[in-house]
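Chemist: Below is the structure I would like to discuss, written out as structure tokens.
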Amino acid sequence: MALIENRELNRYVDQELRSFGVAESARVFRGAFVGIERESGCVRNLSAGDQFAGVAYEEIDNTTGLAGDRSVRVYTQGDFVVPTSLVSQAIVGAPVYAADSESTTTQPGAGASFIGVIMAVLGASSSVVRIMPVGGSFAELAVNVPLVSSTSAASMHAVLIPQRAIRVISAQVSFRVVPDQGNLDVGVVTSDPDEMVDAFALSTLTANTPVTLTLADRSFEAGVPLHARVGQASSTAGQGGMLSIRYVELP
């Protein structure tokens with residue numbers, strides 16, 4: 001029903017700490033990444049597949065209790081120094097994932113939970129992460145580009161004109177019929193777009209089987225068009241080609 005008069009809504013002024021019920025038989029450790037157990041809606045030390053709830057402010061032991069018998073306070077805002085694998089200065093602003101309660105990575109994998117973005121790199125295995133739990137506004141985006149292969153010439157394809165600076169998470173290519181020759185290049189320079197993907201040999205593909213591409217660069221500026229170039233085939237042109245790119249817009 002739509003409002004027809006003014007109303008007052010109670011609101012939480014303190015948004016840094018939130019209290020959550022603890023899952024059955026769970027012991028939450030101070031400083032742990034905390035995840036929401038899907039069955040009960042309560043929290044525990046984060047496990048692969050959980051939705052990230054925040055960082056535990058305190059230790060709470062509910063190993064002898066039922067779901068919700070005890071509560072734990074959780075940080076839902078802030079920048080935290082955490083162990084991070086596959087990190088370098090070039091990825092500041094990139095999304096961060098966790099598959100357990102302790103460490104993070106910049107590479108999303110099966111069951112990994114998005115927890116925030118890198119604000120600074122402190123070393124080869126440590127970074128400052130701005131956490132973005134439940135309801136965080138950092139979404140993965142995707143673009144799928146049909147690819148044309150020809151025996152008469154190379155083909156160029158418009159991929160994306162990012163409205164904001166982006167960080168590429170992954171890129172895949174597939175063909176229903178694999179071309180017998182020709183490389184795939186992806187990047188910003190129209191004459192030789194190889195900044196993202198450089199000279200991937202399309203003839204190495206297996207029909208109808210997507211392959212994850214090695215990325216030369218992952219970060220691209222706002223307003224700079226990305227292109228894909230499919231090299232000329234010899235006697236068998238590829239059919240049903242597709243380039244799929246997953247990315248995030250940087251803050």
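The values are calculated or read from the model by the stated rules, or taken from the named source; none is laboratory data. Since the structure is predicted, the reported quantities are computational estimates derived from the model, not experimental observations. Positions of Cβ are backbone-derived with ideal geometry, glycine not excepted, and every protein chain shown enters the neighbour counts. Calculation scope for accessible area: heavy atoms of the full protein, side chains included, ligands and nucleic acids excluded. Shrake-Rupley method; radii C 1.70, N 1.55, O 1.52, S 1.80 Å.
Chemist: Among the residues that make up segment 97-112, is at least one of them surrounded by 13 or more Cβ atoms within 10 Å (Cβ to Cβ), closer than 30 Å to VAL173 by Cα and aromatic (Phe, Trp, Tyr)?
Modeler: yes
Chemist: Among residues belonging to segment 163-189 that are charged (D, E, K, R) and not in a strand (DSSP E or B), point out the one that is surrounded by the most Cβ atoms within 10 Å (Cβ to Cβ).
Modeler: ASP180
Chemist: Of the conditions (1) of a type outside the set (Lys, Arg); (2) buried (at least 16 other Cβ atoms within 10 Å of the Cβ); (3) touching an Asp or Glu at 6+ places or on another chain (Cβ under 9 Å), THR84 clears all except one; give me its number.
Modeler: Status for THR84: all satisfied but (3).
Chemist: A follow-up question, please. Could you list, ordered by first residue, the pairs with Cβ atoms under 7 Å in which the first is in segment 163-187 and closer than 13 Å to PRO146 by Cα and of a type in the set (D, E, K, R) and the second is in a loop (DSSP other than H, G, I, E, B) and open to solvent by 30 Å² or more (accessible area, probe 1.4 Å), at least 6 apart or interchain?
Modeler: Listed pairs, sorted by first residue: ARG176/ALA207; ARG176/ASN208; ARG176/GLY240.
Chemist: Got a number for residues in segment 140-158 being open to solvent by 40 Å² or more (accessible area, probe 1.4 Å) and of a type in the set (Val, Ile, Thr)?
Modeler: Number of matching residues: 2.
Chemist: Could you please find all residues in segment 41-55 being touching an Asp or Glu at 6+ places or on another chain (Cβ under 9 Å) and open to solvent by 50 Å² or more (accessible area, probe 1.4 Å)?
Modeler: Scanning segment 41-55 gives ARG44, ALA48.
Chemist: Next up: Just to be sure, is GLY31 in a strand (DSSP E or B), modelled with pLDDT of 90 or more and not aromatic (Phe, Trp, Tyr)?
Modeler: So GLY31 fails the test.
Chemist: Right, next: Give me the pairs: first residue in segment 235-251 and farther than 26 Å from GLN107 by Cβ and at pLDDT 85 or above, second residue open to solvent by 40 Å² or more (accessible area, probe 1.4 Å) and not in a strand (DSSP E or B), beta-carbon distance under 7 Å, and six or more apart or on different chains, which are they?
Modeler: Close Cβ pairs satisfying both conditions: SER235/THR151; SER235/ASP180; THR236/ASP180; ALA237/THR151; GLN239/ARG176; GLY240/ARG176.
Chemist: If we keep just the residues of segment 163-181 that are in contact with a strand residue (DSSP E or B) (Cβ under 6 Å, 6 or more places away or on another chain) and not hydrophobic (A, V, I, L, M, F, W, C), which is farthest from THR204 (Cα to Cα)?
Modeler: So the residue we want is ARG164.
Chemist: I would also like to ask the following. One residue is enough: does segment 93-105 have a residue meeting the conditions in contact with a Phe, Trp or Tyr (Cβ under 9 Å, 6 or more places away or on another chain), under 30 Å from GLU221 (Cβ atoms) and among the polar types (S, T, N, Q)?
Modeler: Yes, there is a match, as at least one residue in segment 93-105 is in contact with a Phe, Trp or Tyr (Cβ under 9 Å, 6 or more places away or on another chain), under 30 Å from GLU221 (Cβ atoms) and among the polar types (S, T, N, Q).
Chemist: Filtering segment 190-207 down to residues that are modelled with pLDDT under 95 and of a type in the set (S, T, N, Q), which residue is surrounded by the most Cβ atoms within 10 Å (Cβ to Cβ)?
Modeler: Checking each candidate, the answer is THR190.
Chemist: For the condition within 13 Å of PRO133 (Cβ to Cβ), touching a Lys or Arg at 6+ places or on another chain (Cβ under 6 Å) and part of a strand (DSSP E or B), what is the one hit in VAL55, VAL74, VAL96?
Modeler: It is VAL74.
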